[in-house]
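First up is the structure itself, then whatever we jot down about it.
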Amino acid sequence: MPSAPLSKVLDELRTASQQAGRPLPRLLAVSKTRPASDVAQLAAAGQLAFGENYVQEAIAKLAELTHLPLEWHLIGHLQTNKAREAARHFAWVQTVDRLKLVDALMKHRSADQPPLNLLIQVNIDDEDSKHGCQPEDIFALAEAISRHPNLKLRGLMAIPAPDPDTRVQAFDAMHRLFLDLQKHFADIDTLSMGMSDDAALAIAHGSTMVRVGRALFGERTVV
Ligand SMILES: *Cc1c(COP(=O)(O)O)cnc(C)c1O
């Protein structure tokens, strides 16, 4: 079943990567606030990777969709007391920003599951209101993650402020941190940045995974 918004987004990603001379990024479809039926529809069109912000909402949704080979990413802030549920149900957690969370995820990822893929979230604009670690904390977190065989560090994630004056700087700073991490750790292949409004810009500045909600599903009524 074709999906017009999915084709359009994939075309835009292809165009942006060609124009920038960059590899095509992975597309993560952000399905927060959307019903399971919307996810199933996009899956029928070939999109299998989905991002959710809230653990409870995600678990309810993925329980309805166990018949589909979906890959679930947690992209919202994770409280330590939800780490057990997150470690069991997700394939990726993109919002690791503290050692306590690494330990909790390690403890709850069972040995009969594949390693849990992790991204370290960086508060690249140093916003007080935001989650994410400081750039200087990345290596300590990466080392902690690399000690656990049931966790697999894949790279970095950021949600830069939507301010056009600082966004390019933030993307470039993230790209430099990503290249530096790649030099020191194996398996680092993912720089998750760019959303519906700035995916093309993020690709031009080194993103390998864009997280797109509204451009695929339409405007959200609840955020
Ligand atoms: C909601 C959300 C997105 C998607 O944003 P859109 O503007 O709908 O594309 C991406 N990343 C995170 C962390 C989000 O919370």
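The table below lists the values:
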| quantity | calculated |
| --- | --- |
| Residue under evaluation I124, criteria (1) closer than 19 Å to E52 by Cα; (2) among the aliphatic types (A, V, I, L, M); (3) within 16 Å of the ligand (Cβ to nearest atom), criterion not met | (1) |
| Residue that is farthest from I203 (Cα to Cα) [pool: residues in region 26-41 that are among the polar types (S, T, N, Q) and within 13 Å of the ligand (Cβ to nearest atom)] | T33 |
| Lone qualifier among A158, A170, A86 - being within 19 Å of the chain's Cα centre (by Cα), within 16 Å of the ligand (Cβ to nearest atom) and more than 20 Å from S207 (Cα to Cα) | A86 |
| Residue within region 90-102 that is closer than 22 Å to H175 by Cα, crowded, with 21+ Cβ neighbours inside 10 Å, hydroxyl-bearing (S, T, Y) and at pLDDT 95 or above present | yes |
| R176 vs. criteria within 16 Å of the ligand (Cβ to nearest atom), at pLDDT 95 or above and not hydrophobic (A, V, I, L, M, F, W, C) | no |
| Candidates M209, M195 - the one that is more than 9 Å from the ligand (Cβ to nearest atom), closer than 27 Å to P2 by Cα, touching a residue at least 60 places away in the same chain (Cβ under 8 Å) and in contact with a Lys or Arg (Cβ under 8 Å, 6 or more places away or on another chain) | M209 |
| Residue list for region 156-179, filter: among the basic types (K, R) and closer than 13 Å to D126 by Cα | R167 |
| Any hit, region 6-25, residues being crowded, with 17+ Cβ neighbours inside 10 Å, more than 16 Å from the ligand (Cβ to nearest atom) and not in a strand (DSSP E or B) | yes |
| Count of residues meeting criterion [in contact with a helix residue (DSSP H, G or I) (Cβ under 7 Å, 6 or more places away or on another chain) and either surrounded by fewer than 20 Cβ atoms within 10 Å (Cβ to Cβ) or in contact (Cβ under 8 Å) with a residue 40 or more places away in the chain (or both)] in region 141-160 | 8 |
| In region 73-87, the residues that are surrounded by fewer than 22 Cβ atoms within 10 Å (Cβ to Cβ) and without any contact (Cβ under 8 Å) to a residue 24 or more places away in the chain | Q79, N81 |
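The values are calculated or read from the model by the stated rules, or taken from the named source; none is laboratory data. Keep in mind that what you see is a predicted model, and the values were worked out from it rather than measured. With ideal geometry, Cβ positions are generated from the backbone for all residues, glycine too; neighbour counts draw on all protein chains shown.
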